[in-house]
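Trainee: To start, I am sharing the structure in question, which I have written as structure tokens.
The values are calculated or read from the model by the stated rules, or taken from the named source; none is laboratory data. Everything numeric in this text was worked out from a predicted model, so none of it was measured. Counting neighbours? That spans all protein chains shown, and the Cβs are built from the backbone with ideal geometry, glycine included. Note: areas computed on protein heavy atoms with side chains; ligands, DNA, RNA excluded. Shrake-Rupley method; radii C 1.70, N 1.55, O 1.52, S 1.80 Å.
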Amino acid sequence: MATLKLSGVNKRYPNGAHAVRGVDMDIAEGDLIVFVGPSGCGKSTLLRMIAGLESITEGEIAIDGGRINETSPSDRDVAMVFQNYALYPHMTVFRNMAYGLINRGIPKDEVRQQVEKTSKLLRIEEFLDRKPAQLSGGQRQRVAMGRAIVRNPKIFLFDEPLSNLDAKLRVRMRIEIKRLQRELGVTSVYVTHDQVEAMTLADRLAVINEGRVEQMGSPMELYNDPKTLFVASFIGSPQINLMEARATSEGLRAAGALLPGFDGLPQDVPLMLGVRPEHLGERADGPIEISVDLIEKLGADSMVYGAVQNMEADEPKEICVRSEEVVKHQIGDKVKLWFDTDRAMVFREDTGERLI
Amino acid sequence: MTSITWRTVSTHLILIAGTLFMGLPVWIAFMSSTHTAETLFRDGLQFWPGGHFFDTYSAVLFESGGVMKSVTGSRMLFNSMVLGVGFAVGKVVISIMAAYAIVYFRFRLAVPLFWIIFMTLLLPLEVRIVPSYEVVSGLGLLNTYTGLILPLIASATGTFFFRQFFRSIPEELLEAAQLDNAGPIRFLIDILVPLSKTMIAAILIIMFVVGWNQYLWPLLMTTQEDHFTIVIGIKQIYQVLSEGGELPQYQKAFALVMLATLPPVLIVLIFQNWFVKGLVESEK
């Protein structure tokens with residue numbers, strides 16, 4: 001168990017690419033932090049810098065207060081679960097898990113004991129004599145986790161460990177990872193591009209975009225109170241509805257309507273109005289009108305998609321309404337929508353900064 | 001049985017003809033080696049077994065002066081074995097180490113160096129034989145096993161094969177090994193070598209046969225009989241055996257040819273499975 005501190009961490013590649021830009025972060029003991037962001041945003045690079053597989057161009061990474069920039073990966077006492085598991089194909093499951101321990105000069109009896117204990121925890125004890133090729137995807141995933149856990153490291157690093165599994169197994173393994181992490185209480189960093197995975201797993205979430213941490217906080221904090229346009233659009237499924245908007249002296253002009261109740265917004269700058277699908281509701285005198293073009297009935301609730309008139313562009317903007325009632329509309333119906341001004345967000349379109 | 005068509009008959013006929021064409025000379029050599037020198041001299045080549053198999057072969061294998069002036073056939077077989085094994089093992093070891101350095105160590109000249117190694121394919125031993133001889137004789141290695149093997153074991157082809165293979169191994173394995181506290185040597189021994197097992201076996205077999213069949217270099221290198229390989233023995237036997245106005249001992253020459261052919265054939269037959277596996281599939 002350990003704390004992890006990143007201060008001013010930068011990564012520049014020799015070809016000039018600036019993959020990680022000034023990341024500061026404090027991770028408390030036993031926390032599960034999830035790095036989430038689109039592919040190529042630098043989240044994996046950051047994780048690999050913590051592991052020691054990439055060098056740190058600028059800044060400092062410290063575990064338990066001690067700088068580890070120059071420490072070799074094996075001496076950092078971190079364990080990593082790779083996306084493709086990276087199990088040694090010619091070794092049995094037992095050898096795969098024991099390899100790191102043996103290389104650290106731990107006596108044979110103790111190695112056997114540790115491996116057996118860990119394999120029980122992960123329910124893979126009957127596979128110890130098999131080779132990775134003889135295991136299913138989920139079992140391989142467990143072995144990869146076992147290899148990390150058995151070493152009893154200070155920090156776990158997960159690099160998109162579930163992306164090679166099918167959807168059903170992914171949900172199950174997600175729960176299992178969460179349970180294990182709780183039980184073992186080891187500080188963990190988890191990288192994913194899947195925001196649902198991120199939301200369900202994380203104690204705290206760091207949304208990363210173009211090498212920068214856009215915002216860090218608990219999943220609900222990020223969902224309810226995003227600081228930037230990027231975070232608002234990245235977190236939440238289905239996505240937040242974003243409509244181009246302009247502030248005028250009478251109110252906010254957006255989606256073909258004039259919306260009162262937004263004060264103090266700068267005029268002359270392009271704005272974005274953001275409303276989550278569940279905050280939109282039907283009302284006969286609602287200001288926004290959509291024409292329904294798709295209805296998804298998911299059982300407990302339904303998603304109604306419809307086009308709304310956009311600001312200046314010719315193309316209509318598609319917005320989504322989440323409804324918990326039975327939807328009686330047909331495709332092509334015109335529906336008037338309403339939302340609570342307090343729950344709407346307004347961003348600057350150019351800088352992404354949140355204004356309201 | 002309508003399934004036996006004209007087509008199958010004709011393909012089999014062609015195959016049988018090919019087999020006869022390849023096998024018959026070997027058969028004639030083997031049969032002739034079981035006759036006496038007189039029979040061969042009087043009646044020419046023999047197609048059926050004679051009664052002197054043990055006489056000829058024991059003379060060739062074990063008697064000093066039975067085949068060369070002093071060295072025995074078994075000694076020459078042993079020399080060939082040393083050359084074949086040393087050649088194959090040396091090539092594999094050197095190629096693995098060269099490929100390992102080129103693929104896994106980030107040094108500036110890795111790519112040009114690889115192409116320089118690759119370009120040595122254009123300079124086979126036959127082209128550089130005089131300077132090689134000069135170097136080896138300067139080092140005082142003439143008529144030694146070291147001198148016989150060492151100049152031959154650098155291998156561009158082997159390096160190329162292993163380089164291609166190493167590059168196909170996922171990089172995460174290296175990273176996982178780094179986190180597992182395995183240094184460069186551990187990684188090579190514990191992970192790369194076991195993964196390239198079938199590949200190593202295939203290259204060992206090919207190289208053993210190539211080494212066994214080396215002719216020009218051993219011919220130049222070995223001036224003393226006790227370092228002759230069996231292939232050189234075949235070349236020398238005519239000179240030795242027809243000296244002094246006696247009957248030429250052709251049956252002994254044929255016996256020596258048979259003995260020289262046998263080990264490579266056996267090796268390929270026994271390790272055929274490994275050999276095919278190494279060339280066709282990769283265990284990953």
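Trainee: I'd like to know if region B:232-241 contains one or more residues that are assigned to a helix (DSSP H, G or I), surrounded by fewer than 22 Cβ atoms within 10 Å (Cβ to Cβ) and within 14 Å of another protein chain (Cβ to nearest Cβ).
Mentor: No, region B:232-241 contains no residue that is assigned to a helix (DSSP H, G or I), surrounded by fewer than 22 Cβ atoms within 10 Å (Cβ to Cβ) and within 14 Å of another protein chain (Cβ to nearest Cβ).
Trainee: All but one of (1) touching a helix residue (DSSP H, G or I) at 6+ places or on another chain (Cβ under 7 Å); (2) buried (at least 19 other Cβ atoms within 10 Å of the Cβ); (3) on the phi < 0 side of the Ramachandran plot; (4) at the interface with chain A (Cβ under 10 Å from one of its Cβ atoms) hold for B:Thr159; state the number of the condition that does not hold.
Mentor: Unmet for B:Thr159, out of (1) touching a helix residue (DSSP H, G or I) at 6+ places or on another chain (Cβ under 7 Å); (2) buried (at least 19 other Cβ atoms within 10 Å of the Cβ); (3) on the phi < 0 side of the Ramachandran plot; (4) at the interface with chain A (Cβ under 10 Å from one of its Cβ atoms): (4).
Trainee: While we're on this one: Inside region A:44-80, can you point out the residues that are in contact with a strand residue (DSSP E or B) (Cβ under 7 Å, 6 or more places away or on another chain) and facing chain B (nearest Cβ under 8 Å)?
Mentor: A:Ala51, A:Val78, A:Ala79, A:Met80
Trainee: Additional query: Cβ contacts < 9 Å: first residue over 13 Å from B:Thr229 (Cβ atoms), restricted to region B:200-214; second residue open to solvent by 20 Å² or more (accessible area, probe 1.4 Å) and of a type in the set (S, T, N, Q), any location; separation 6+ or different chain. Result?
Mentor: Partner pairs satisfying both residue conditions: B:Ile203/B:Thr157; B:Ile205/B:Gln272.
Trainee: Which ones in region A:122-133 are outside any loop (DSSP other than H, G, I, E, B), within 14 Å of chain B (Cβ to nearest Cβ) and either crowded, with 16+ Cβ neighbours inside 10 Å or modelled with pLDDT under 90 (or both)?
Mentor: Scanning region A:122-133 gives a single hit, A:Pro132.
Trainee: Could you say which residue among A:Asp293, A:Asp342, A:Asp301, A:Asp268 is open to solvent by 90 Å² or more (accessible area, probe 1.4 Å) and modelled with pLDDT of 85 or more?
Mentor: Result of the check over A:Asp293, A:Asp342, A:Asp301, A:Asp268: A:Asp342.
Trainee: Something else: What are the pairs, 6+ residues apart or on separate chains, where a residue within region B:22-38 that is in contact (Cβ under 8 Å) with a residue 40 or more places away in the chain has its Cβ under 8 Å from a residue that is among the aliphatic types (A, V, I, L, M) and open to solvent by 80 Å² or more (accessible area, probe 1.4 Å)?
Mentor: So the pair list comes out as B:Ser32/B:Leu45.
Trainee: Of the residues in region A:233-265, how many are modelled with pLDDT of 85 or more, among the small types (Gly, Ala, Ser) and in contact with a helix residue (DSSP H, G or I) (Cβ under 9 Å, 6 or more places away or on another chain)?
Mentor: Result for region A:233-265: 1.
Trainee: Quick one: is A:Gln113 over 30 Å from A:Glu214 (Cα atoms), away from chain B (no Cβ under 12 Å) and open to solvent by less than 70 Å² (accessible area, probe 1.4 Å)?
Mentor: So A:Gln113 does not fit the description; no.
Trainee: Every residue in region B:212-225 that is loosely packed, with under 14 Cβ neighbours inside 10 Å and over 15 Å from the mean Cα position of the chain (by Cα), please.
Mentor: B:Thr223, B:Gln224
Trainee: Just give me the residues in region A:71-100 being β-branched (Val, Ile, Thr), without any contact (Cβ under 8 Å) to a residue 40 or more places away in the chain and either in a helix (DSSP H, G or I) or closer than 18 Å to A:Met145 by Cβ (or both), in sequence order.
Mentor: A:Thr92
Trainee: Which of the residues belonging to region A:226-274 are more than 25 Å from A:Asn209 (Cβ to Cβ), hydrophobic (A, V, I, L, M, F, W, C) and not in a strand (DSSP E or B)?
Mentor: A:Ala255, A:Phe262
Trainee: I've got another one for you. Which of the residues spanning region A:275-296 are more than 26 Å from the chain's Cα centre (by Cα) and assigned to a strand (DSSP E or B)?
Mentor: Hits for region A:275-296 are A:Gly281, A:Glu282, A:Ile288, A:Glu289, A:Ile290, A:Ser291, A:Val292, A:Asp293, A:Leu294, A:Ile295.
Trainee: So which residues in region A:318-339 are of a type in the set (A, V, I, L, M) and open to solvent by less than 50 Å² (accessible area, probe 1.4 Å), if there are any at all?
Mentor: A:Ile319, A:Val321, A:Val327, A:Val335, A:Leu337
Trainee: Go through B:Pro124, B:Pro170 for me and flag whichever is surrounded by fewer than 16 Cβ atoms within 10 Å (Cβ to Cβ), closer than 29 Å to B:Trp274 by Cα and within 14 Å of chain A (Cβ to nearest Cβ).
Mentor: Within the list B:Pro124, B:Pro170, the selection yields B:Pro170.
Trainee: So, B:Leu216, is that one more than 14 Å from chain A (Cβ to nearest Cβ) and in contact with an Asp or Glu (Cβ under 8 Å, 6 or more places away or on another chain) or not?
Mentor: yes
Trainee: Name the residue, out of A:Pro14, A:Pro38, that is over 20 Å from A:Ala148 (Cβ atoms), touching a Phe, Trp or Tyr at 6+ places or on another chain (Cβ under 9 Å) and either in a loop (DSSP other than H, G, I, E, B) or among the charged types (D, E, K, R) (or both).
Mentor: A:Pro38
Trainee: Which residues, counting only those in region B:173-207, are small (Gly, Ala, Ser), surrounded by fewer than 20 Cβ atoms within 10 Å (Cβ to Cβ) and farther than 30 Å from B:Pro124 by Cβ?
Mentor: Passing the criteria: only B:Gly183.
Trainee: Determine, yes or no, whether A:Ser119 is on the phi < 0 side of the Ramachandran plot and either away from chain B (no Cβ under 14 Å) or aliphatic (A, V, I, L, M) (or both).
Mentor: It is true that A:Ser119 is on the phi < 0 side of the Ramachandran plot and either away from chain B (no Cβ under 14 Å) or aliphatic (A, V, I, L, M) (or both).
Trainee: Go through (1) open to solvent by 30 Å² or more (accessible area, probe 1.4 Å); (2) within 11 Å of chain B (Cβ to nearest Cβ) for A:Phe94 and report which single condition fails.
Mentor: Status for A:Phe94: all satisfied but (2).
Trainee: State whether one or more residues within region A:101-110 are part of a helix (DSSP H, G or I), within 9 Å of chain B (Cβ to nearest Cβ), touching a residue at least 12 places away in the same chain (Cβ under 8 Å) and crowded, with 22+ Cβ neighbours inside 10 Å.
Mentor: Yes, there is a match, as at least one residue in region A:101-110 is part of a helix (DSSP H, G or I), within 9 Å of chain B (Cβ to nearest Cβ), touching a residue at least 12 places away in the same chain (Cβ under 8 Å) and crowded, with 22+ Cβ neighbours inside 10 Å.
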